[in-house]
1. Which numbered condition trips up E157, out of (1) farther than 21 Å from T27 by Cα; (2) surrounded by 20 or more Cβ atoms within 10 Å (Cβ to Cβ); (3) charged (D, E, K, R)?
2. Conditions: (1) small (G, A, S); (2) closer than 26 Å to Q44 by Cβ; (3) surrounded by 17 or more Cβ atoms within 10 Å (Cβ to Cβ). S162 meets all but one. Number of the miss?
3. Given the residues H223, H174, which is the only one that is of a type outside the set (F, W, Y), crowded, with 16+ Cβ neighbours inside 10 Å and out of contact with any Ser or Thr (no Cβ under 8 Å at 6 or more places or on another chain)?
4. Which condition breaks for T146 when tested against (1) closer than 26 Å to M244 by Cα; (2) polar (S, T, N, Q); (3) in contact with an Asp or Glu (Cβ under 7 Å, 6 or more places away or on another chain)?
5. Considering the stretch 184-209 alone, what residues qualify as being without any contact (Cβ under 8 Å) to a residue 60 or more places away in the chain and either among the aromatic types (F, W, Y) or more than 27 Å from H127 (Cβ to Cβ) (or both)?
6. Being under 17 Å from I171 (Cβ atoms) and in a helix (DSSP H, G or I) is the filter here; which residues of the stretch 80-96 pass it?
7. Do the conditions hold for A137, that is, is it touching a residue at least 60 places away in the same chain (Cβ under 8 Å) and in a helix (DSSP H, G or I)?
8. Could you grab me the full set of residues in the stretch 80-104 that are within 29 Å of W240 (Cα to Cα) and exposed (fewer than 14 other Cβ atoms within 10 Å of the Cβ)?
Amino acid sequence: MSVLSSLTPALATIAQQIGHAVEIEFTRYLIGAAGVAVLYWLIQRWIEPRRIQAGKASFADRRREFRRSVETIFVFSLVNLLTFAMFRAGWLPVNRGAPDIGIMVAQIIAMVIMHDAWFYWMHRSLHLKVLFRRAHATHHVSRTPTSWAAYSFAPIEAIFESIYVPVMFLIISHIVPIQPWAAFIFLGHQIARNAVGHSGFELAWPGFTRSPLTGWLTTTTHHDLHHTEGRYNFGLYFTWWDRMMGTEHPKYHERFDAVAVRPEVVTNRVDLA
């Protein structure tokens, strides 16, 4: 009885920490996925011509994506607890004073570049036959993805998707202590780009993919093509890995251009009608 009594406070503390981690991750997911869904619904009249695929995701598709994403949130939350534990143990040095803007910006850039590299090679690995069915097929059920698919992963993929965070923080913090705002902005950027990349609408302007100023950034069309033709476009934020490794879709620019110039054609057709 005494053992049980001593364990109860510890279990309650663990449950509380898990609940807090789930709350944080769920809020982040809702802000990204629901935020993009609501915003695009409000401006649907103007962006409908920019729909990438002719077909539309059903309510059942969105419900499945949401359910799978909730399951992923629990996995992410456990990894977050590991990260928090590393912070508390002093394994991840943190700047607790005034933010250093220069270091903060450098850390954000480093985090994004490191995440993109990790994602590309992890993503390609998940497409190997030995892993695809068990780890990645769940995500590809969304042939016409929506922003709700941002976290629609199988548990194995959820682990691969999230474990880079404590590893990345460990590497960066031992070069210079982590700037809290750098971590916050990076995580916000991650879910925002993820939700937009699965939204099904291309809002980038004509010429975006061919310009030396913007062509190195992925677009919604870039990832949408991966969902329809899984052999190409494994990158997350940047196109350079796909270009270097020969995995960029051969008709990526054509597909993008077909959507990017569509509003003018559709508007003219509506006006004539």
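The values are calculated or read from the model by the stated rules, or taken from the named source; none is laboratory data. Quick caveat, the model's predicted, so the values are computed rather than measured. No Cβ is skipped: glycine too gets one built from the backbone with ideal geometry, and neighbour counts run over all protein chains shown.
1. Just one mismatch for E157, condition (1).
2. (2)
3. Numbers: H174 fails: crowded, with 16+ Cβ neighbours inside 10 Å.
None of the others qualify; the one that does is H223.
4. (1)
5. Within the stretch 184-209, F184, W205, P206, G207, F208 meet the criteria.
6. Step one: of the stretch 80-96, the residues under 17 Å from I171 (Cβ atoms) are 82-83, 86-87, 89-95.
Within the stretch 80-96, L82, T83, M86, F87 meet the criteria.
7. Working: touching a residue at least 60 places away in the same chain (Cβ under 8 Å): no; in a helix (DSSP H, G or I): yes.
Here the answer is no, as A137 does not meet what is asked.
8. Residues satisfying the conditions are I101, G102.
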